[in-house]
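In what follows, a structure is listed as structure tokens, so that the remarks can point back to it.
The values are calculated or read from the model by the stated rules, or taken from the named source; none is laboratory data. Treat the numbers as computed from the prediction; the structure is a model and nothing was measured. As a convention, Cβ positions derive from the backbone with ideal geometry for all residues, glycine included, and neighbour counts pool all protein chains shown.
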Amino acid sequence: MYAACFLLAWFLSCSSSRIPGDTSKGRHLLVERHHTSDYMTPAPVNRTYVSVYSALHDPEAGEVRVFSEVHPSNACMAAATCRLQGRGVDLSVAAKVDMPFGALLKTDTPEPLECFHTCQLPPGSEGVLLESVTVLGNTSQVVLSQRVERIEVLGVQKMSVGICSAPVFTDVPQYLDWLDHHRALGVEGIHIYAVIMDLSRVRDAFGRGRPGHKKRLTVQQSRRVKWHTRHMTDYDMPSHYYGQLMLLNECLFRHRQTYEYLLFMDRDEFLYFVDTAPTAVNLAWEFHSRLAGTNHTSLVFLSAVYRVHCLVAFVPDLAERPVHSGSDAEAELQEYGEPYQVYKGYSIWEADHRKPDFFNCTADPLGENAPIPGRGCHSKSVVRPLTVDFMATHSVFRPRPGYSWSPMAFPTDQAFIKHLRCLSDRHGWIADDSASLCERTLPVNYSVQAGNGDGVEVCPGDL
């Protein structure tokens, strides 16, 4: 690819406890995958599963939040007390338990449940240096234990706009354009959560699997990009989307004292200001001028799908050198890395005057929030992180006290999301550059959800 590859360092801490099992409404008994020639053979699991991702301490708010995935729900709900320990500190406080997404996916697919434990420190604890948190149940049994990280607090020196993107598991050819485009808009930091998951590139007998092509993820460094990692486990399923809700909320909490605004989007989604060069946009002011002085938590941008050919040209002279070296190099088959790739698809930098048809569109709500009248269209959000308790995938799930969930819509004649979706099939990106770039059904029904949640589609020939 364009830059050197860097090795990822990661860890995932797990602890188990013997807590009686149950099932949550809309979810089913967890299954463990036994890897065979047909990729996955589900088998019931009757033990408790607790996987802790992180425990973050916000010293400004005097709050610790633990992010984990569990099964069954009792493994989360049994929590009663947080024991917080550190330098000269050993105190116990009540554990607040949240499982906001426990019954969202009403499918027959068993999967882990997102679990959040919040521990509120007493007043005057702003300067404490915590090292660990242990969550205990009503009978003092250990539910989980984890080392604590202290989040960055910038105070009045906060950065303006950051991006959270999760999960990421394979390459997309638009990635470097995506970085440059949003950097030009004024984004100061990008936080990408990579899922280490070679297994999921294979589709099982039921056609399940992600992401539709087999391009290994290349980690390309930039001073504006910070990578976080999560291992896929034997309990992940495609409908669970590999910890997405947990990862997005971890990003929200981790960076809530770092940025004034956080934008939640994927690496093939471009925030586009109509007929305006990205360098001419003052992104922070666009957000501040609309949200400051209100009780709104977020702005929403409607999304339009632009199907694109994701073709690459290979430059073999720039391929990596042979993997094998030394005296046995000639005796073994020489293995080479991929040659340098040049993206040949859609250019975000060239003028495209086609306008998406957002008639009767409203943002697609999720979870506890009442649906908004109108045609449900795909959207993405920018939020004021200190006003949000939990994020859903595309919108605010639960605001903090004193703030309204109701998002403020950004005018679509001024800005929207360009979703540059690669044409692909189960084998990878479609190499045929004559393949159709339109899947829209005509005439458009303006009373139903647009594109099954994928957004309004822009086709060749549209005005």
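Okay, residues lined up against (1) part of a strand (DSSP E or B); (2) over 22 Å from Val312 (Cβ atoms):
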site	(1), (2)
Glu131	yes, yes
Val135	yes, yes
Thr139	no, yes
Val156	no, yes
Ser160	yes, yes
Ile163	yes, yes
Ala166	yes, yes
Leu176	no, no
Val187	no, yes
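Looking only at segment 411-422, count every residue that is within 14 Å of Val300 (Cβ to Cβ) and surrounded by fewer than 22 Cβ atoms within 10 Å (Cβ to Cβ) and tell me the total.
Selection size over segment 411-422: 4.
So which residues in segment 376-433 are of a type in the set (S, T, N, Q) and under 16 Å from the mean Cα position of the chain (by Cα)?
Ser379, Ser381, Thr393, Ser395
Looking at segment 440-461, which of the residues that are modelled with pLDDT of 85 or more and not small (Gly, Ala, Ser) is surrounded by the fewest Cβ atoms within 10 Å (Cβ to Cβ)?
Ranking the candidates gives Pro460 first.
Could you list all residues from segment 407-431 that are at pLDDT below 85, not small (Gly, Ala, Ser) and not in a strand (DSSP E or B)?
Restricting attention to segment 407-431, the residues satisfying the condition of being at pLDDT below 85 are 424-431.
Restricting the remaining residues to those that are not small (Gly, Ala, Ser) gives 425-427, 429-430.
Scanning segment 407-431 gives Arg426, His427, Ile430.
Which residue out of Glu63, Glu32, Glu69, Glu111 is of a type outside the set (Phe, Trp, Tyr), at pLDDT below 50 and at negative phi?
Only one candidate passes the filter, namely Glu32.
Within segment 91-101, is even one residue farther than 28 Å from Phe397 by Cα and either modelled with pLDDT of 85 or more or in contact with an Asp or Glu (Cβ under 7 Å, 6 or more places away or on another chain) (or both)? Spell out the reasoning first.
Let us first name the residues in segment 91-101 that are farther than 28 Å from Phe397 by Cα, namely 91-92.
Subsequent filtering for residues that are either modelled with pLDDT of 85 or more or in contact with an Asp or Glu (Cβ under 7 Å, 6 or more places away or on another chain) (or both) retains 91-92.
Looking for residues that are farther than 28 Å from Phe397 by Cα and either modelled with pLDDT of 85 or more or in contact with an Asp or Glu (Cβ under 7 Å, 6 or more places away or on another chain) (or both), one finds at least one in segment 91-101, hence yes.
Inside segment 268-297, can you point out the residues that are assigned to a loop (DSSP other than H, G, I, E, B) and closer than 15 Å to Phe416 by Cα?
Asp268, Val274, Asp275, Thr276, Ala277, Val281
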